[in-house]
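In what follows, a structure is listed as structure tokens, so that the remarks can point back to it.
The values are calculated or read from the model by the stated rules, or taken from the named source; none is laboratory data. Keep in mind it's a predicted model, so treat the numbers as computed, not measured. FYI the Cβ positions are ideal-geometry reconstructions off the backbone, even for glycines, and counts take in every protein chain you see. Surface accessibility is based on the protein's heavy atoms, side chains included, excluding ligands, DNA and RNA. Shrake-Rupley method; radii C 1.70, N 1.55, O 1.52, S 1.80 Å.
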Amino acid sequence: MKRLAILGSTGSIGTQTLDVARWRGYRIEALAAGRNAALLLDQAREFRPSLVACAAEVADAVRPHLPAGTRLVTGAAGVEEVATADADVVVAAIPGIDGLAPTAAALAAGRHVALANKEAMVVAGPLMWQLARGSGARITPVDSEHAALYQCLLGEPAESVAGLVLTASGGPFLDGPADLSRVTVEQALAHPNWAMGPKVTIDSATLFNKGLEVLEAHFLFDVPLERIEVVVHPQSLVHGLVRYVDGNVMAQVGPHDMRVPIQYALETPARPPVPLEPLPLRGSWEFLEPDHARFPSLRLAYRAGELGGLAPAYLNAADEVAVAAFLERRIRFDAIPELLAAALAAAPRGALGWEALAAADAEARRLTHEAVAGLGRPA
Ligand code: MG
């Protein structure tokens, strides 16, 4: 029986990982959540982990209701304890830059990390691999596109690979409107295929999520950016494809159910059965060129990857601030790529390192907060 530690247990990936744990009968060793005390308590009562972490401000609401034998820890140090708990797999599913330090801690401790925190690869890929190589840690991707590519690449030598193709659903604005300046938060959150957290859903609406995934694939699979393509595939059933030098293209197909890639990331190379209906193979599947004029964020991600060093960190930090401001209705939807472009233009050409990364993240946030304030509220 596998023993899991889950970073971000109350989020979308965390709760679906616990579904897989119910299917498979996994032992849950440790859970880390933020402020969702009620859900964390439900999870702790059901799975009886030896350790749970939560934000310090909800600790008093959590502590008295924990089952006997479950220890509570708080704050960043608490999350790190969960990340390095004695588990077979650590699921790294704390979104955004907050997921970086615990992911690094799990890798430094030599754990098998099932990686859902794409930012770890996007802003710190080389540093994460350095930790993994030093400790013998293993990384398997949870993101559906990367789980697809991982499967298509399995057992193939690097010199056979001509390129990677990531599919994008196109998000809620694939078919319009032509002018994205007036779209609302509710419209942007209405993703056609996937139920996900708010940040990644807005990133899907701008196509920036696919940009992050291009960078994630670049660092995860060590394939140059110019050999990574994006195609819009509104049906979201083909998740990724690998082009081989001999003209073959391998694709992975699966349902819109994150529990499938999650279980694969935990079990690979094994394929235990899942209690899901077989995917019906009917209808037509389309593959379209992304609309770079309406969705400029995708190319900005490529640009950041070409610049390398701290540029991806700048772009990622700016996006976290810009998306939060959009969700708070402080800026228009089409201001998001403008803020990203401004941050990228200001990105320093410094080399990547842990301290430089933290400083770059803070500076890009400061600049973008300032730019948001300068835009004024949308009419
Ligand atoms: Mg994805």
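So the values come out like this:
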| item | result |
| --- | --- |
| Within the range 140-164, considering residues that are more than 16 Å from the ligand (Cβ to nearest atom) and under 18 Å from Ala114 (Cβ atoms), the one surrounded by the fewest Cβ atoms within 10 Å (Cβ to Cβ) | Leu154 |
| Residue match in the range 300-307 (condition: part of a loop (DSSP other than H, G, I, E, B) and either in the same structural domain as Leu367 (by TED's automatic domain parsing) or open to solvent by 10 Å² or more (accessible area, probe 1.4 Å) (or both)) | no |
| Per-region count, the range 94-106, residues among the hydrophobic types (A, V, I, L, M, F, W, C) and in contact with a strand residue (DSSP E or B) (Cβ under 6 Å, 6 or more places away or on another chain) | 2 |
| Filter result for Glu328 (open to solvent by 10 Å² or more (accessible area, probe 1.4 Å), in the same structural domain as Ala362 (by TED's automatic domain parsing) and either over 24 Å from Asp98 (Cβ atoms) or more than 17 Å from the chain's Cα centre (by Cα) (or both)) | yes |
| Residue list for the range 287-296, restricted to those being out of contact with any Lys or Arg (no Cβ under 6 Å at 6 or more places or on another chain) and either buried (at least 24 other Cβ atoms within 10 Å of the Cβ) or assigned to a loop (DSSP other than H, G, I, E, B) (or both) | Phe287, Glu289, Pro290, Asp291, Ala293, Arg294, Phe295, Pro296 |
| Residues (open to solvent by 10 Å² or more (accessible area, probe 1.4 Å) and closer than 26 Å to Ala324 by Cα) located in the range 56-95 | Ala56, Glu57, Val58, Thr74, Gly75, Ala76, Ala77, Val79, Glu80, Ala93, Ile94, Pro95 |
| Counted residues, the range 342-366 - those being under 12 Å from Ala311 (Cβ atoms), open to solvent by 60 Å² or more (accessible area, probe 1.4 Å) and in a helix (DSSP H, G or I) | 1 |
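To keep it simple, each residue is scored yes or no on (1) of a type in the set (Ser, Thr, Tyr); (2) outside the structural domain of Glu159 (by TED's automatic domain parsing); (3) within 13 Å of the ligand (Cβ to nearest atom).
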| site | (1), (2), (3) |
| --- | --- |
| Pro172 | no, no, no |
| Asn193 | no, no, yes |
| Pro198 | no, no, no |
| Ser204 | yes, no, yes |
| Pro224 | no, no, no |
| Gln235 | no, no, no |
| His239 | no, no, yes |
